[in-house]
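Comments concern the structure below.
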Amino acid sequence: SNSQLLWSPDGVHWQGGVSLAGQWQGYRLGGGWRGRAGADGVSGEPLTVRLENADLSVEAPVPVAELKPPYWPVQASLKGRYQRLPFQARMSGRRDDHGAWAGSLDADVDAADYLDQGGTAHLDGRWQWHDGVFTLARGAAISVAQAVQGKTLLKPLSLTARTPLHYQDGGIHGQLALRGEGLVAERWELPVLTGTVNLDGQRARAELAAKD
């Protein structure tokens with residue numbers, strides 16, 4: 001779009017608008033921004049970014065007021081869908097000395113497509129983006145609220161990353177520690193479960209034990 005270069009005692013600044021479209025590291029990319037950029041940082045409208053692939057669709061308006069060198073700190077609110085799970089998230093981060101981006105993330109995920117009632121999940125952890133791979137650090141925690149499916153009561157469930165969790169090639173890779181408080185059906189009841197879940201792309205394998 002229309003743009004111009006401005007010279008001032010502070011240096012050279014670019015002013016104008018940018019439209020984002022195309023492919024980026026396996027994602028369809030869209031969005032845009034209008035404002036002013038120079039060696040001292042960025043100002044203007046929030047940057048809007050949309051990323052999509054077969055499983056993930058996310059849109060993020062990113063305020064630019066704090067985007068300043070050398071680490072370009074950023075905060076953003078994200079809204080989207082992973083497969084059939086809509087989510088909203090809040091993310092902050094910054095660029096490190098090696099060109100990677102890292103920060104903190106908390107997100108709420110709605111499982112209404114799978115459950116009759118409840119089951120909202122909350123995620124809290126540290127993240128990194130490097131060479132096209134998104135990673136949640138070891139210790140990231142997911143808590144799933146009590147839910148109802150048919151005549152079955154699903155008690156709260158918690159998952160904690162025992163290894164870093166990598167999202168690449170359309171799947172998640174890593175290991176989780178699981179604790180489920182059990183479930184209650186019409187004619188039977190499942191006790192507390194603990195164990196591990198190994199994630200390998202689109203496949204998962206669980207090793208669980210019931211507590212007496």
For this session: Filter the range 136-150 down to the residues that are over 23 Å from L105 (Cβ atoms) and not in a strand (DSSP E or B), then identify the one that is most open to solvent (accessible area, probe 1.4 Å).
Result: Q146
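Conditions tested, residue by residue: (1) on the phi < 0 side of the Ramachandran plot; (2) open to solvent by 60 Å² or more (accessible area, probe 1.4 Å); (3) in a strand (DSSP E or B); (4) not charged (D, E, K, R).
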site	(1), (2), (3), (4)
A111	yes, no, no, yes
H122	yes, yes, yes, yes
W129	yes, no, yes, yes
L159	yes, no, yes, yes
T163	yes, no, no, yes
G174	no, no, yes, yes
L178	yes, no, yes, yes
V197	yes, no, yes, yes
Exercise. Within the range 180-191, can you find the residues that are assigned to a strand (DSSP E or B) and open to solvent by less than 60 Å² (accessible area, probe 1.4 Å)?
Worked result: G180, L183, V184, L190
For this session: Go through (1) more than 21 Å from Q175 (Cα to Cα); (2) part of a strand (DSSP E or B); (3) free of Cβ contacts under 8 Å to residues at least 24 places away in the same chain and name the single condition G80 misses.
Result: (3)
For this session: Please work out if D97 is in a loop (DSSP other than H, G, I, E, B), among the acidic types (D, E) and free of Cβ contacts under 8 Å to residues at least 24 places away in the same chain.
Result: yes
Exercise. Within the range 34-56, is there a residue that is among the hydrophobic types (A, V, I, L, M, F, W, C), open to solvent by 70 Å² or more (accessible area, probe 1.4 Å) and part of a strand (DSSP E or B)?
Worked result: no
For this session: Could you list all residues from the range 1-18 that are assigned to a strand (DSSP E or B), open to solvent by 80 Å² or more (accessible area, probe 1.4 Å) and within 19 Å of A65 (Cα to Cα)?
Result: none
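The values are calculated or read from the model by the stated rules, or taken from the named source; none is laboratory data. Values in this document were obtained by computation on a predicted structure and should not be read as measured data. All Cβ positions, even for glycine, are placed from backbone atoms using ideal geometry, and neighbour counts span all protein chains on display. To get the accessible areas, we keep the full protein, side chains included, count just its heavy atoms, and leave off ligands, DNA and RNA. Shrake-Rupley method; radii C 1.70, N 1.55, O 1.52, S 1.80 Å.
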